[in-house]
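First up is the structure itself, then whatever we jot down about it.
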Amino acid sequence: MARTSTKMALLPESIVSLVAALAKLPGVGPRSAERIALHIVQSENGSVKQLADAILVARERIKFCDVCGALTEKSPCPICGDSRRDASLVCVVERAVDILSIEKSNAFRGKFHVLGGRISPLDGVEPEDLRIAELEKRLPLEPIKEIVIALATDVEGDATSAYLAKRLARNGLKISRIAYGLPAGSGLEFADELTLSRALEGRGEMH
Ligand SMILES: [Zn+2]
């Protein structure tokens, strides 16, 4: 412990602020941040510039799909614009990255809708903070016959799913939820592909 702080104190100011910036990234702890920073400052100028440019370009080009909320360079995104996909099925996920997990499982050929979170009164997340109204707008415009809710199976995921099932209830619209089979308390990104595809196949209708 003391070793790290002594070393940090000995590091030049610019490295210290680089470490601080890197440590804010998800999954990067203080030790990794320091290792990456020290690697960067000893790398060739050209490769550092390439990294910085890649970050800036990606941030500049990536936006949310106006229809489903996926991360994309053009809106509507390739999935929304793909006529070979089953437009009667829409899978509701919490975050844009969950789409990648489900796509990797190869078990779903419908379309998606990203909520952007889940209802959590304790964290101040109310239904109007999520992209639920956007989903309601899609219902009369698209030939949607089934909404497949693929939220994590924890307390907030359960509450959000129940809220959605009630609010989206319409004649001729089936609302199902993926089978319990995901690790409790974790997001979809932790589910392996086989578990995910089983959970999708075993989805049950909500009442
Ligand atoms: Zn889209």
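The numbers here are math on the coordinates, done by the rules we state, and not lab data. Note that this is a predicted model, so its numbers are computed, not measured. Note: ideal-geometry Cβ built from the backbone for every residue, glycine included; neighbour counts use all protein chains shown.
Side notes on the structure shown:
- With the highest mean first, a sort of the peptides 111-118, 163-170, 39-46 on other beta-carbon atoms found within 10 angstrom per residue produces 111-118, 163-170, 39-46.
- Between 0 and 90°, nearest 10: helix 96-105 axis offset from the chain longest Cα axis: 70
- Relative to the longest principal axis of the Cα atoms of the chain, helix 155-168 runs at roughly 40 degrees.
- Cα gyration tensor shape of the stretch 46-127, rounded if a/c is under 1.5, else prolate or oblate by comparing a/b with b/c: oblate
- Relative to the longest principal axis of the Cα atoms of the chain, the long axis of helix 13-23 lies at roughly 20 degrees.
- Each other residue within a Cβ distance under 14 Å of Gly204 adds +1 if Lys or Arg and -1 if Asp or Glu, for a net charge of 0.
- Tensor-based shape of the stretch 78-192 (alpha-carbon gyration tensor, a/c under 1.5 rounded, otherwise prolate or oblate): oblate
- Cut-off 15 Å between beta-carbons: net charge of the residues surrounding Asn171, Lys and Arg +1, Asp and Glu -1: +2
- Working from Cα pairs under 8 Å separated by at least six residues, relative contact order for the chain is 15 percent.
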